[in-house]
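Student: I have a structure here, written as C-alpha coordinates, and I will follow up with some questions on it.
The values are calculated or read from the model by the stated rules, or taken from the named source; none is laboratory data. Note that the structure is a prediction, hence the values are computed from the model and not measured. FYI the Cβ positions are ideal-geometry reconstructions off the backbone, even for glycines, and counts take in every protein chain you see.
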Amino acid sequence: MLTIDSQVHTYERNHPARPWAGFLHGPDEATGDGMVAAMDAVGVDGALLVSPFAMYRYDASYALEVYAKHPTRFGLIKPVDPADPAVAETIAAWAATKGTVGVRIMLNQEVSRDPADPGIARVLTAAARHGLPVNILCWGRLAQARAMAAAHPGTQIVIDHLGLQQPFVPPVPAAPFAELPTVLELAAYKNVAIKISGACTLSHEPFPYQDIWDPLGRIFDAFGLDRCLWGTDWTRAVALLTYRQGVDAFRLTDRLSDSDRATLMGGALQRIYHWAPSKL
(Lines give C-alpha, C1' and ligand atoms only; values in the text may rest on other atoms or scores of the structure.)
Protein backbone atom coordinates (compact mmCIF):
# COMPACT_ATOMS: atom_id res chain seq x y z
CA MET A 1 0.00 0.00 0.00
CA LEU A 2 1.40 3.37 -1.04
CA THR A 3 1.12 5.68 1.99
CA ILE A 4 1.04 9.44 1.41
CA ASP A 5 0.62 12.08 4.12
CA SER A 6 -1.65 14.88 2.89
CA GLN A 7 -0.02 17.60 4.98
CA VAL A 8 3.37 18.09 6.60
CA HIS A 9 5.44 21.22 7.24
CA THR A 10 9.17 21.84 7.27
CA TYR A 11 11.05 24.94 8.36
CA GLU A 12 14.46 26.10 9.46
CA ARG A 13 15.42 27.63 12.76
CA ASN A 14 14.62 31.32 12.89
CA HIS A 15 17.62 33.17 11.42
CA PRO A 16 18.27 36.52 9.73
CA ALA A 17 18.64 35.12 6.21
CA ARG A 18 15.14 33.63 6.35
CA PRO A 19 13.41 35.14 9.39
CA TRP A 20 10.11 33.86 10.71
CA ALA A 21 7.15 36.16 10.25
CA GLY A 22 5.38 34.56 13.20
CA PHE A 23 5.33 31.45 15.37
CA LEU A 24 4.06 27.90 14.96
CA HIS A 25 3.84 25.49 17.88
CA GLY A 26 6.40 22.76 17.40
CA PRO A 27 10.13 22.13 17.57
CA ASP A 28 12.68 24.88 16.96
CA GLU A 29 13.22 23.45 13.50
CA ALA A 30 11.69 20.75 11.34
CA THR A 31 14.06 20.23 8.45
CA GLY A 32 13.36 18.35 5.26
CA ASP A 33 15.93 15.74 6.24
CA GLY A 34 14.19 15.28 9.58
CA MET A 35 10.80 14.91 7.93
CA VAL A 36 12.11 12.28 5.54
CA ALA A 37 13.69 10.39 8.44
CA ALA A 38 10.38 10.45 10.35
CA MET A 39 8.53 9.17 7.27
CA ASP A 40 11.09 6.43 6.65
CA ALA A 41 10.86 5.26 10.26
CA VAL A 42 7.15 4.45 9.87
CA GLY A 43 6.94 3.55 6.19
CA VAL A 44 5.32 6.70 4.78
CA ASP A 45 6.28 6.88 1.11
CA GLY A 46 5.64 10.56 0.42
CA ALA A 47 3.84 13.69 1.58
CA LEU A 48 2.39 16.97 0.48
CA LEU A 49 4.76 19.59 1.84
CA VAL A 50 2.81 22.74 2.71
CA SER A 51 4.97 25.83 3.17
CA PRO A 52 4.08 27.02 6.69
CA PHE A 53 2.20 30.33 6.60
CA ALA A 54 2.92 31.02 10.27
CA MET A 55 6.66 31.26 9.61
CA TYR A 56 7.07 32.22 5.97
CA ARG A 57 3.75 33.73 4.86
CA TYR A 58 3.77 33.56 1.04
CA ASP A 59 7.46 32.69 0.65
CA ALA A 60 7.88 29.02 -0.27
CA SER A 61 11.65 29.19 -0.80
CA TYR A 62 12.49 26.73 1.97
CA ALA A 63 9.95 24.20 0.70
CA LEU A 64 11.58 24.49 -2.72
CA GLU A 65 14.99 23.80 -1.16
CA VAL A 66 13.61 20.70 0.56
CA TYR A 67 12.10 19.50 -2.69
CA ALA A 68 15.39 20.01 -4.55
CA LYS A 69 17.05 17.68 -2.04
CA HIS A 70 14.18 15.13 -1.86
CA PRO A 71 12.36 15.38 -5.21
CA THR A 72 10.89 11.88 -5.07
CA ARG A 73 9.20 12.33 -1.69
CA PHE A 74 7.29 15.62 -1.72
CA GLY A 75 4.65 17.46 -3.68
CA LEU A 76 4.62 21.19 -2.92
CA ILE A 77 1.80 23.52 -1.85
CA LYS A 78 2.20 27.23 -1.13
CA PRO A 79 -0.14 29.81 0.39
CA VAL A 80 -1.19 32.60 -1.97
CA ASP A 81 -2.56 36.04 -1.16
CA PRO A 82 -6.05 36.78 -2.53
CA ALA A 83 -5.46 40.49 -1.88
CA ASP A 84 -2.49 40.55 -4.27
CA PRO A 85 -3.60 41.97 -7.65
CA ALA A 86 -0.93 39.79 -9.30
CA VAL A 87 -2.03 36.55 -7.60
CA ALA A 88 -3.04 34.96 -10.94
CA GLU A 89 0.49 35.51 -12.24
CA THR A 90 1.89 34.07 -9.00
CA ILE A 91 -0.21 30.94 -9.46
CA ALA A 92 0.86 30.61 -13.10
CA ALA A 93 4.52 30.79 -12.08
CA TRP A 94 3.96 28.30 -9.28
CA ALA A 95 2.20 25.88 -11.62
CA ALA A 96 5.25 26.00 -13.91
CA THR A 97 7.62 25.18 -11.02
CA LYS A 98 8.80 21.60 -10.77
CA GLY A 99 7.26 19.64 -7.88
CA THR A 100 4.22 21.83 -7.29
CA VAL A 101 0.79 20.25 -6.83
CA GLY A 102 -1.47 22.94 -5.32
CA VAL A 103 -2.00 26.31 -3.67
CA ARG A 104 -3.54 27.29 -0.36
CA ILE A 105 -5.86 30.03 0.89
CA MET A 106 -5.77 30.85 4.59
CA LEU A 107 -9.20 32.23 5.48
CA ASN A 108 -7.82 34.28 8.36
CA GLN A 109 -8.60 37.79 9.54
CA GLU A 110 -6.57 39.28 6.70
CA VAL A 111 -8.80 37.71 4.03
CA SER A 112 -12.22 38.99 3.04
CA ARG A 113 -15.26 37.19 4.44
CA ASP A 114 -17.16 37.87 1.22
CA PRO A 115 -17.56 34.60 -0.73
CA ALA A 116 -17.70 36.69 -3.92
CA ASP A 117 -14.51 38.60 -3.11
CA PRO A 118 -12.77 39.26 -6.45
CA GLY A 119 -9.36 38.29 -5.08
CA ILE A 120 -10.61 34.91 -3.90
CA ALA A 121 -12.30 34.46 -7.28
CA ARG A 122 -8.99 35.20 -9.02
CA VAL A 123 -7.28 32.48 -6.99
CA LEU A 124 -9.97 29.88 -7.66
CA THR A 125 -10.15 30.71 -11.36
CA ALA A 126 -6.38 30.76 -11.91
CA ALA A 127 -5.85 27.53 -10.00
CA ALA A 128 -8.47 25.76 -12.11
CA ARG A 129 -6.86 27.10 -15.29
CA HIS A 130 -3.57 25.49 -14.29
CA GLY A 131 -5.05 22.29 -12.85
CA LEU A 132 -4.03 23.05 -9.26
CA PRO A 133 -6.26 22.08 -6.32
CA VAL A 134 -6.95 24.91 -3.86
CA ASN A 135 -6.45 23.93 -0.23
CA ILE A 136 -8.55 26.02 2.13
CA LEU A 137 -8.00 26.52 5.86
CA CYS A 138 -11.54 27.53 6.78
CA TRP A 139 -12.46 26.60 10.33
CA GLY A 140 -15.04 29.09 11.55
CA ARG A 141 -15.76 30.07 7.94
CA LEU A 142 -17.31 26.93 6.53
CA ALA A 143 -20.27 28.79 5.02
CA GLN A 144 -17.84 30.91 3.03
CA ALA A 145 -16.01 27.79 1.81
CA ARG A 146 -19.35 26.29 0.77
CA ALA A 147 -20.22 29.40 -1.25
CA MET A 148 -16.79 29.35 -2.89
CA ALA A 149 -17.27 25.74 -3.95
CA ALA A 150 -20.71 26.49 -5.34
CA ALA A 151 -19.48 29.49 -7.35
CA HIS A 152 -16.47 27.64 -8.82
CA PRO A 153 -17.58 24.08 -9.66
CA GLY A 154 -14.62 23.61 -11.99
CA THR A 155 -12.07 24.24 -9.25
CA GLN A 156 -10.87 21.32 -7.13
CA ILE A 157 -11.15 22.47 -3.51
CA VAL A 158 -9.59 20.58 -0.61
CA ILE A 159 -10.72 21.43 2.93
CA ASP A 160 -7.80 21.40 5.36
CA HIS A 161 -7.91 19.61 8.73
CA LEU A 162 -11.52 18.34 8.63
CA GLY A 163 -12.70 21.96 8.43
CA LEU A 164 -12.46 22.05 12.24
CA GLN A 165 -10.36 24.12 14.61
CA GLN A 166 -7.68 21.87 16.07
CA PRO A 167 -5.54 22.41 19.17
CA PHE A 168 -1.81 23.08 19.08
CA VAL A 169 -1.35 21.98 22.70
CA PRO A 170 -3.51 20.19 25.29
CA PRO A 171 -6.23 20.29 26.35
CA VAL A 172 -8.45 19.15 23.49
CA PRO A 173 -11.63 21.27 23.24
CA ALA A 174 -14.62 19.84 25.09
CA ALA A 175 -16.65 19.42 21.88
CA PRO A 176 -14.09 19.24 19.05
CA PHE A 177 -16.62 17.96 16.49
CA ALA A 178 -19.35 20.50 17.28
CA GLU A 179 -19.19 21.98 13.76
CA LEU A 180 -19.33 18.59 12.06
CA PRO A 181 -22.88 19.04 10.67
CA THR A 182 -21.71 22.16 8.85
CA VAL A 183 -18.65 20.32 7.53
CA LEU A 184 -20.88 17.57 6.15
CA GLU A 185 -22.83 20.12 4.09
CA LEU A 186 -19.72 20.60 1.96
CA ALA A 187 -20.01 17.02 0.74
CA ALA A 188 -22.85 18.07 -1.57
CA TYR A 189 -20.28 19.75 -3.84
CA LYS A 190 -18.46 17.21 -5.97
CA ASN A 191 -15.48 19.53 -6.42
CA VAL A 192 -14.77 19.41 -2.68
CA ALA A 193 -12.46 16.90 -1.03
CA ILE A 194 -11.43 16.93 2.62
CA LYS A 195 -8.19 16.27 4.45
CA ILE A 196 -8.56 13.87 7.36
CA SER A 197 -5.48 15.59 8.74
CA GLY A 198 -4.77 16.19 12.40
CA ALA A 199 -7.78 14.08 13.38
CA CYS A 200 -5.96 12.44 16.28
CA THR A 201 -5.49 15.84 17.94
CA LEU A 202 -9.27 15.96 18.45
CA SER A 203 -9.33 12.84 20.62
CA HIS A 204 -9.99 12.85 24.36
CA GLU A 205 -8.53 9.35 24.62
CA PRO A 206 -4.95 8.07 24.40
CA PHE A 207 -3.67 6.17 21.37
CA PRO A 208 -5.32 4.60 19.38
CA TYR A 209 -7.90 7.43 19.77
CA GLN A 210 -11.04 5.33 19.51
CA ASP A 211 -13.40 8.27 20.09
CA ILE A 212 -12.60 9.88 16.72
CA TRP A 213 -13.96 7.04 14.61
CA ASP A 214 -17.71 7.66 14.83
CA PRO A 215 -17.44 11.31 13.67
CA LEU A 216 -14.88 10.32 11.04
CA GLY A 217 -17.28 7.64 9.84
CA ARG A 218 -19.89 10.33 9.22
CA ILE A 219 -17.38 12.22 7.07
CA PHE A 220 -16.46 9.09 5.13
CA ASP A 221 -20.13 8.32 4.50
CA ALA A 222 -20.92 11.87 3.36
CA PHE A 223 -17.93 12.47 1.10
CA GLY A 224 -17.03 8.93 0.10
CA LEU A 225 -13.50 7.74 0.80
CA ASP A 226 -12.38 8.77 -2.67
CA ARG A 227 -12.66 12.39 -1.48
CA CYS A 228 -11.00 11.85 1.92
CA LEU A 229 -7.24 12.26 2.37
CA TRP A 230 -5.47 11.05 5.50
CA GLY A 231 -2.71 13.24 6.94
CA THR A 232 -0.95 14.18 10.15
CA ASP A 233 -0.37 17.96 9.92
CA TRP A 234 3.10 17.25 11.21
CA THR A 235 4.77 19.06 12.98
CA ARG A 236 1.89 21.14 14.38
CA ALA A 237 0.73 18.12 16.40
CA VAL A 238 3.95 17.34 18.29
CA ALA A 239 2.57 18.36 21.70
CA LEU A 240 -0.31 15.90 21.37
CA LEU A 241 1.11 12.74 19.77
CA THR A 242 4.06 11.23 17.95
CA TYR A 243 4.33 10.90 14.20
CA ARG A 244 4.14 7.12 14.51
CA GLN A 245 0.91 7.40 16.49
CA GLY A 246 -0.60 9.62 13.82
CA VAL A 247 0.20 6.98 11.21
CA ASP A 248 -0.58 3.83 13.19
CA ALA A 249 -3.95 5.10 14.42
CA PHE A 250 -5.13 4.69 10.81
CA ARG A 251 -2.85 1.90 9.64
CA LEU A 252 -3.73 -0.50 12.47
CA THR A 253 -7.40 0.24 13.17
CA ASP A 254 -10.04 -2.40 12.48
CA ARG A 255 -12.48 0.37 11.50
CA LEU A 256 -11.05 0.37 7.96
CA SER A 257 -10.87 -2.48 5.48
CA ASP A 258 -7.60 -2.94 3.61
CA SER A 259 -9.07 -1.40 0.46
CA ASP A 260 -10.54 1.53 2.41
CA ARG A 261 -7.19 2.11 4.09
CA ALA A 262 -5.40 2.13 0.73
CA THR A 263 -7.83 4.74 -0.60
CA LEU A 264 -7.75 6.95 2.50
CA MET A 265 -3.98 6.80 3.05
CA GLY A 266 -2.84 7.45 -0.49
CA GLY A 267 -5.20 6.43 -3.27
CA ALA A 268 -7.57 9.39 -3.05
CA LEU A 269 -4.69 11.84 -2.82
CA GLN A 270 -3.13 10.50 -6.02
CA ARG A 271 -6.41 11.07 -7.86
CA ILE A 272 -7.08 14.56 -6.45
CA TYR A 273 -3.56 15.96 -6.91
CA HIS A 274 -2.42 13.82 -9.87
CA TRP A 275 0.76 13.12 -7.92
CA ALA A 276 2.55 10.27 -6.19
CA PRO A 277 6.03 9.84 -4.73
CA SER A 278 8.44 8.26 -7.18
CA LYS A 279 11.56 6.19 -7.20
CA LEU A 280 14.61 7.45 -9.10
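Student: Restricting to segment 238-275, give me the number of residues that are part of a helix (DSSP H, G or I) and either among the β-branched types (Val, Ile, Thr) or out of contact with any helix residue (DSSP H, G or I) (no Cβ under 8 Å at 6 or more places or on another chain) (or both).
Tutor: The qualifying residues number 10.
Student: Next question, about the same structure. Kindly indicate whether GLY46 is more than 21 Å from ILE136 (Cβ to Cβ), in contact with a strand residue (DSSP E or B) (Cβ under 7 Å, 6 or more places away or on another chain), in contact (Cβ under 8 Å) with a residue 60 or more places away in the chain and not charged (D, E, K, R).
Tutor: Judged against the criteria, GLY46 is a match.
Student: Which of the numbered conditions does PHE207 fail, given that it passes all the others? Conditions: (1) surrounded by fewer than 16 Cβ atoms within 10 Å (Cβ to Cβ); (2) among the aromatic types (Phe, Trp, Tyr); (3) assigned to a strand (DSSP E or B).
Tutor: Status for PHE207: all satisfied but (3).
Student: Please work out which one of (1) more than 29 Å from THR10 (Cα to Cα); (2) crowded, with 19+ Cβ neighbours inside 10 Å is the condition PRO215 fails and give its number.
Tutor: Only one criterion is unmet by PRO215, namely (2).
Student: Exactly one condition in (1) basic (Lys, Arg); (2) buried (at least 20 other Cβ atoms within 10 Å of the Cβ); (3) assigned to a loop (DSSP other than H, G, I, E, B) is not met by ARG146; state its number.
Tutor: Unmet condition: (3).
Student: Consider ASP160 carefully, then state whether it is in contact with a Lys or Arg (Cβ under 6 Å, 6 or more places away or on another chain) and surrounded by 14 or more Cβ atoms within 10 Å (Cβ to Cβ).
Tutor: In short, yes.
Student: Examine segment 260-278 for a residue that is modelled with pLDDT of 95 or more, over 14 Å from the mean Cα position of the chain (by Cα) and farther than 25 Å from LEU76 by Cα, and state whether such a residue exists.
Tutor: yes
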